[in-house]
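Have a look at the structure below before the remarks.
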Amino acid sequence: MSVESIKGWPAAVTKVEIPCSDGTKQAAMWFNPSTKGKKPLLVGLHTWSSNFASAGGDAVYAKWCIDQGWIFIHPDFRGPNWTPPAMGSDRAVQDVVEAVAWAKTQAEVDDTRVYLIGVSGGGHMAMQMAGRHPELWAGVSAWCGIADIAQWHRDHTKDGKPDRYAQNIEAALGHAPSADDAEARQRSPLTHLQNAASVPLDIAHGIHDSRKGSVPFTHALLAFNQVAAAADKLPVEAIQAYYDSQTLPAGWTVSPPDATFGLNTPLFRQTSGNTRVTLFEGGHEIVHQAALNWLAKQRKGQPVVWEVKDFIPLAADGTSGK
């Protein structure tokens with residue numbers, strides 16, 4: 001296994017290449033602690049326009065793993081989301097599956113503590129993986145993710161003209177998606193999230209996203225609805241009204257305090273079974289302290305833990321996804 005360091009990552013995190021079932025090799029960033037015994041594995045997912053080597057906020061995942069003695073992998077899953085094999089495709093999904101399998105051949109992975117995290121395009125893929133392969137994860141943390149590819153194309157098409165993100169979608173699909181486009185549906189978490197009820201899934205989104213960012217928070221609330229029990233689903237009309245007005249709909253309760261979010265105060269929170277959605281004061285960003293401390297509490301086969309009282313402080317970073 002050849003390894004090399006890449007700028008922006010902690011020195012202990014190196015580039016590796018993972019054999020894929022299609023005959024290619026998938027690049028990834030990798031860290032394996034020297035300690036003996038089974039350890040948690042954190043799978044970090046790059047953002048929409050990034051790849052395995054893009055550090056930025058994703059390097060925070062790696063630093064957490066170094067500090068906590070976790071195993072870390074940051075796979076490429078076909079790179080930026082503007083080619084057909086990328087953008088939540090069956091092949092990209094399989095790349096993540098194979099990255100986890102490879103990690104288990106290289107390190108002593110605790111199967112009850114395999115975690116997944118991503119923001120923006122990584123949030124899209126985190127929700128996609130929760131629905132496509134819920135059996136893999138002890139916990140999934142998805143931030144500001146795209147839930148519906150066709151809708152996000154519409155979100156980024158003004159007066160019939162697609163902007164950069166809409167053009168990316170067209171390049172990946174090979175066409176502009178229709179409202180009921182089969183290929184766009186297959187690449188959308190909304191299509192698969194009904195399968196994710198068994199896995200602890202924490203969805204979070206900044207209330208100012210799309211006004212200050214690229215993904216309306218309606219995506220998070222609609223994603224929650226796909227997993228939630230019927231009695232817990234949020235009315236679609238109220239979701240849109242909330243986005244339009246930025247005002248909490250009548251009958252929706254203000255979120256209780258959550259110190260892990262720091263200055264990114266939770267504004268609304270709904271829970272159903274193993275799934276939770278939080279809208280917080282912020283934009284297109286992840287609160288690493290909240291995400292990583294919540295994941296650390298989860299164990300596969302045990303009840304989901306929602307309240308995180310004792311947590312490891314992290315510097316406020318608020319890294320946006322691109």
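Length available on full extension from ILE312 to THR105: 0.36 nm per residue minus the Cα-Cα distance, which gives 71.6 nm.
Note on segment 136-227: with neighbouring protein chains present and a 1.4 Å probe, carbon and sulfur make up 48 percent of its accessible heavy-atom surface.
Note on segment 61-119: Rg/Rh from C-alpha atoms, Kirkwood Rh, equals 1.01.
With the simple spin-label model, which puts each label point 7 Å out from Cα in the Cβ direction, the ARG185 to LEU263 separation comes to 4.5 nm.
You can think of it this way: the chain between LYS36 and GLU135 has 33.1 nm of extra reach, that is 0.36 nm per residue less the Cα-Cα gap. For segment 44-93, the spherically averaged projection of the C-alpha convex hull amounts to 3.4 nm².
For the chain, the fraction of alpha-carbon pairs lying more than 25 Å apart is 45 percent, rounded to a whole number. Partners of LYS212 within straight-line reach, counting lysines whose Cα lies under 25 Å from its Cα and excluding those fewer than 8 residues away in the same chain: LYS158, LYS161, LYS322.
Under 5 Å between amide hydrogens, built in the peptide plane, is the criterion, and for SER5 it picks out LYS15 among residues at least 5 positions away or on other chains. Note on segment 16-55: the alpha carbon radius of gyration divided by the globular reference 2.2 N^0.38 Å gives 1.43. Around the Cα centre of the chain, unit charges on the Cβ atoms of Lys, Arg, Asp and Glu (plus for the first two, minus for the last two) sum to a dipole of about 480 debye. With all pairs of different C-alpha atoms in the average, the Kirkwood value for the hydrodynamic radius of segment 194-322 is 15.1 Å. Each Lys and Arg adds +1 at its Cβ and each Asp and Glu adds -1 at its Cβ; summed about the Cα centre, segment 13-157 shows a dipole of about 240 debye.
Of all DSSP beta bridges confined to the chain, the antiparallel ones make up roughly 50%. Comparing TRP294, ILE312, GLY121 along the charge dipole axis of the chain, the residue lying farthest to the positive side is ILE312, per the Cβ-charge model.
Structure remark: mean-square fluctuation, Gaussian network model of the chain, C-alpha springs under 10 Å; the largest value among PHE224, PHE261, PHE52 belongs to PHE261. Going by accessible surface with a 1.4 Å probe and the largest first, HIS208, HIS124 read HIS208, HIS124. Of the residues GLY79, PRO177, ASN195, the one whose Cα sits farthest towards the positive end of the charge dipole of segment 46-198 is PRO177 (charges of +1 on Lys and Arg Cβ, -1 on Asp and Glu Cβ, taken about the Cα centre). With all projection directions averaged, the alpha carbon convex hull of segment 1-153 covers 8.5 nm². Relative to one another, the C-alpha centroids of segment 181-227 and segment 32-107 are positioned 20 Å apart.
Shape call for segment 1-70 from the C-alpha gyration tensor, a ≥ b ≥ c root eigenvalues: rounded (a/c under 1.5), prolate (a/b greater than b/c) or oblate? Cα axes put segment 1-70 in the oblate bin.
Using the 1.4 Å probe convention, the accessible area of the chain works out to 40 Å² per residue with neighbouring protein chains retained.
Highest GNM mean-square fluctuation among SER210, SER34, SER50, for the chain modelled with Cα contacts below 10 Å: SER34.
Centre-to-centre, using Cα atoms only, segment 133-156 and segment 235-290 are separated by 16 Å.
The values are calculated or read from the model by the stated rules, or taken from the named source; none is laboratory data. Being a predicted model, the structure only gives us computed values, none of them experimental. Virtual Cβ from ideal backbone geometry, glycine too; neighbours counted across all protein chains shown. For accessibility, only protein heavy atoms count, side chains too; no ligands or nucleic acids. Shrake-Rupley method; radii C 1.70, N 1.55, O 1.52, S 1.80 Å.
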